[in-house]
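Undergrad: Here it is: the structure, laid out below.
The values are calculated or read from the model by the stated rules, or taken from the named source; none is laboratory data. All of these numbers come straight from a predicted model, not from anything done at the bench. Note that each Cβ is placed from the backbone with ideal geometry, even for glycine, and that neighbours are counted across all protein chains shown.
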Amino acid sequence: MGLFGNKHDKHDGHGDEEAARTEADRLTALPVPRLAAEILPAFGPGGPGEDGKETGTFQVAMYLMAKFPGGNQFVKELYGPIGEGIQALENAGLVERRVRNVGGSVVHVTRLGREALETGTADRHLAV
């Protein structure tokens, strides 16, 4: 190896972007119940909605893409599918939506949602 390292070891970020693109495509292609099951952990330990904190679509999208460097560039295109997934979680009684006076809404996990997270039974509630 040369003084300044191997030129083949340089990281250009293209692989990161491709991995993030692949993940965004995978998430948008999931059936709504399956996507909802992948969203629910955002309301558990380490997620933006842990401990019953209110969270929104943006925070959930950032959570889902956090493992992928450069993933934030795909967050906006996930809003629609994530909204559908959150609605499925809401319909199953796993999260509750609250509309704010200033516009928009936030979501927080319900007791049933917390139990589903703890016991790994979200799929049962979502007909996955």
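Undergrad: Going by the structure shown, is Ala37 at pLDDT 95 or above, in a helix (DSSP H, G or I), touching a Leu at 6+ places or on another chain (Cβ under 6 Å) and under 30 Å from Glu17 (Cβ atoms)? Can you show your working first?
TA: On the way: at pLDDT 95 or above: yes; in a helix (DSSP H, G or I): yes; touching a Leu at 6+ places or on another chain (Cβ under 6 Å): yes; under 30 Å from Glu17 (Cβ atoms): yes.
So Ala37 passes the test.
Undergrad: Right, something else. Sort out which residues of region 82-118 are touching a strand residue (DSSP E or B) at 6+ places or on another chain (Cβ under 8 Å), surrounded by fewer than 13 Cβ atoms within 10 Å (Cβ to Cβ) and not in a strand (DSSP E or B), and write them in order of number.
TA: Arg100
Undergrad: Hey, another quick one. Only one of these is on the phi > 0 side of the Ramachandran plot, out of contact with any Phe, Trp or Tyr (no Cβ under 8 Å at 6 or more places or on another chain) and either assigned to a helix (DSSP H, G or I) or touching a residue at least 12 places away in the same chain (Cβ under 8 Å) (or both): Asp51, Asp123. Name it. First the steps, then the outcome.
TA: Working: Asp123 fails: on the phi > 0 side of the Ramachandran plot.
Every option except Asp51 fails the conditions.
Undergrad: Quick one: is Ala20 within 15 Å of the chain's Cα centre (by Cα), buried (at least 16 other Cβ atoms within 10 Å of the Cβ), part of a helix (DSSP H, G or I) and at pLDDT 95 or above?
TA: In short, no.
Undergrad: Which is aromatic (Phe, Trp, Tyr), under 11 Å from the mean Cα position of the chain (by Cα), assigned to a helix (DSSP H, G or I) and buried (at least 16 other Cβ atoms within 10 Å of the Cβ), of Tyr63, Tyr79?
TA: Details: Tyr79 fails: buried (at least 16 other Cβ atoms within 10 Å of the Cβ).
On inspection, the qualifying residue turns out to be Tyr63.
Undergrad: Find the residue count for region 45-62, including only residues that are closer than 11 Å to Tyr79 by Cβ and of a type in the set (A, V, I, L, M). Full working, then the answer.
TA: Within region 45-62, the subset closer than 11 Å to Tyr79 by Cβ is 56-58, 60-61.
Keeping just the survivors that are of a type in the set (A, V, I, L, M) gives 60-61.
Looking only at that region, the number is 2.
Undergrad: Looking at (1) at pLDDT below 95; (2) crowded, with 22+ Cβ neighbours inside 10 Å, which is the only condition Pro45 fails?
TA: In the conditions (1) at pLDDT below 95; (2) crowded, with 22+ Cβ neighbours inside 10 Å, Pro45 misses (2) alone.
Undergrad: For region 80-118, enumerate the residues that are of a type in the set (Ser, Thr, Tyr) and at pLDDT 95 or above.
TA: Filtering region 80-118 down to residues of a type in the set (Ser, Thr, Tyr) leaves 105, 110.
Of everything in region 80-118, just one residue is of a type in the set (Ser, Thr, Tyr) and at pLDDT 95 or above, namely Thr110.
Undergrad: Taking Ala122 as the residue in question, decide whether it is surrounded by 14 or more Cβ atoms within 10 Å (Cβ to Cβ), out of contact with any strand residue (DSSP E or B) (no Cβ under 7 Å at 6 or more places or on another chain), modelled with pLDDT under 95 and not β-branched (Val, Ile, Thr). Step through it out loud before you land on a result.
TA: On the way: surrounded by 14 or more Cβ atoms within 10 Å (Cβ to Cβ): yes; out of contact with any strand residue (DSSP E or B) (no Cβ under 7 Å at 6 or more places or on another chain): yes; modelled with pLDDT under 95: yes; not β-branched (Val, Ile, Thr): yes.
Yes: the conditions hold for Ala122.
Each row is one residue, and each column tells you yes or no for (1) within 12 Å of the chain's Cα centre (by Cα); (2) under 19 Å from Ala127 (Cα atoms); (3) not small (Gly, Ala, Ser).
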{"position": "Thr28", "(1), (2), (3)": "yes, yes, yes"}
{"position": "Pro41", "(1), (2), (3)": "yes, yes, yes"}
{"position": "Gly71", "(1), (2), (3)": "yes, no, no"}
{"position": "Arg98", "(1), (2), (3)": "no, no, yes"}
{"position": "Ser105", "(1), (2), (3)": "no, no, no"}
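Undergrad: Would it be correct to say that Ala42 is within 16 Å of Glu77 (Cα to Cα) and not in a loop (DSSP other than H, G, I, E, B)?
TA: On the way: within 16 Å of Glu77 (Cα to Cα): no; not in a loop (DSSP other than H, G, I, E, B): yes.
Spelling it out, it is not the case that Ala42 is within 16 Å of Glu77 (Cα to Cα) and not in a loop (DSSP other than H, G, I, E, B).
Undergrad: Do any residues in region 22-38 that are in contact (Cβ under 8 Å) with a residue 24 or more places away in the chain and closer than 16 Å to Val128 by Cβ have Cβ atoms under 6 Å from those of residues that are of a type outside the set (Lys, Arg) and assigned to a loop (DSSP other than H, G, I, E, B), where the two are at least six apart or on different chains, and which pairs are they?
TA: Pro33/Ala127; Pro33/Val128; Arg34/Val128; Ala37/Val128
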